[in-house]
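Working notes, structure below.
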Amino acid sequence: MLKTIRQSANKKTGPIAVTYRAGAHHTFGSCPPTCALNPQGAHGAALVDTEYLAALYDAVPPNGQAWTYSHFAFQNLPRPAPGKTTINYSADTMAQAVAAVRTGRPAVVAAPSGTVWPYVFEGVQFVQCPEQLSPPGSGFTCASCGNGRPLCARAGREYVIVFVAHGTGAAKVAADDPGGCYAAQGHAAIAWHATRTKGAPDDAAALAAFARSLPAGSLLRHHVAGDIGLAA
Ligand code: SF4
């Protein structure tokens with residue numbers, strides 16, 4: 001199930017196009033059960049939805065930029081290419097992130113609250129998302145990140161972007177218990193739960209049509225919540 005929003009009210013992304021993806025039976029239904037941040041792994045998808053993944057890779061607004069993140073193993077993810085969606089591997093550990101970067105795939109990692117960056121690990125630089133470092137009220141968002149070229153959309157990026165945990169799930173990030181997904185609470189959770197019941201059922205077709213319909217030069221952030229799994 002896919003929910004599309006032409007202009008997000010999300011404070012982090014800024015006013016760009018976004019999507020949410022969920023299973024028809026469970027909100028976490030498109031997420032891998034192995035994701036360390038998934039508090040309900042039993043409801044996740046073991047397999048990648050290859051039809052949806054192909055549509056995702058191609059779903060870039062005309063002359064625009066698109067990006068997303070996946071917690072599925074990085075070997076499943078197509079490498080960045082001109083005119084394609086940049087699919088970042090969401091690593092649970094710095095070692096996993098480095099392994100992905102070594103195969104030519106961009107990576108991000110969630111880090112515990114209170115950690116300080118940048119940091120070089122095994123020769124790869126880790127930098128914190130600049131939106132997290134911007135002063136409150138500055139208005140910095142993904143829409144203004146990178147002077148029109150958001151860091152997460154950059155295909156040839158060799159540095160890993162770090163998201164330092166915050167919010168009510170922060171204590172669970174990098175802890176032994178599953179949980180810590182930022183979309184499991186607040187406004188993101190409300191929009192995500194609505195996706196399960198009100199989203200478009202043919203998500204591959206809906207996504208292709210949505211990307212085509214956006215104004216030239218648009219930014220599109222896929223999956224504010226959700227992933228590329230074959231949802232039951
Ligand atoms: S690095 Fe930039 S594009 Fe990525 S999440 Fe942070 S603000 Fe958005």
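When Leu220 is tested against (1) over 13 Å from the mean Cα position of the chain (by Cα); (2) within 16 Å of the ligand (Cβ to nearest atom), just one condition goes unmet, and that condition is (1).
Only one entry in Ala54, Ala73 is without any contact (Cβ under 8 Å) to a residue 60 or more places away in the chain and open to solvent by 20 Å² or more (accessible area, probe 1.4 Å), namely Ala73.
Among the conditions (1) in a loop (DSSP other than H, G, I, E, B); (2) within 23 Å of His166 (Cβ to Cβ), Tyr20 misses just one, which is (1). Set side by side, the residues Ala66, Ala54 differ, and just one is within 16 Å of the ligand (Cβ to nearest atom) and of a type in the set (Gly, Ala, Ser), which is Ala66. Each residue in segment 96-106 was checked for being assigned to a loop (DSSP other than H, G, I, E, B), within 16 Å of the ligand (Cβ to nearest atom) and not charged (D, E, K, R), and 1 pass. The residue of segment 107-156 that is farthest from the ligand (Cβ to nearest atom), among those that are open to solvent by less than 70 Å² (accessible area, probe 1.4 Å) and among the charged types (D, E, K, R), is Arg154.
The values are calculated or read from the model by the stated rules, or taken from the named source; none is laboratory data. Please read these numbers as outputs of a predicted model, since none were measured by experiment. Methodologically, a virtual Cβ is constructed for each residue, glycine included, from the backbone with ideal geometry; neighbour enumeration extends over all protein chains shown. Side chains are part of the model used for accessible areas, which takes the heavy atoms of the whole protein and leaves out ligands, DNA and RNA. Shrake-Rupley method; radii C 1.70, N 1.55, O 1.52, S 1.80 Å.
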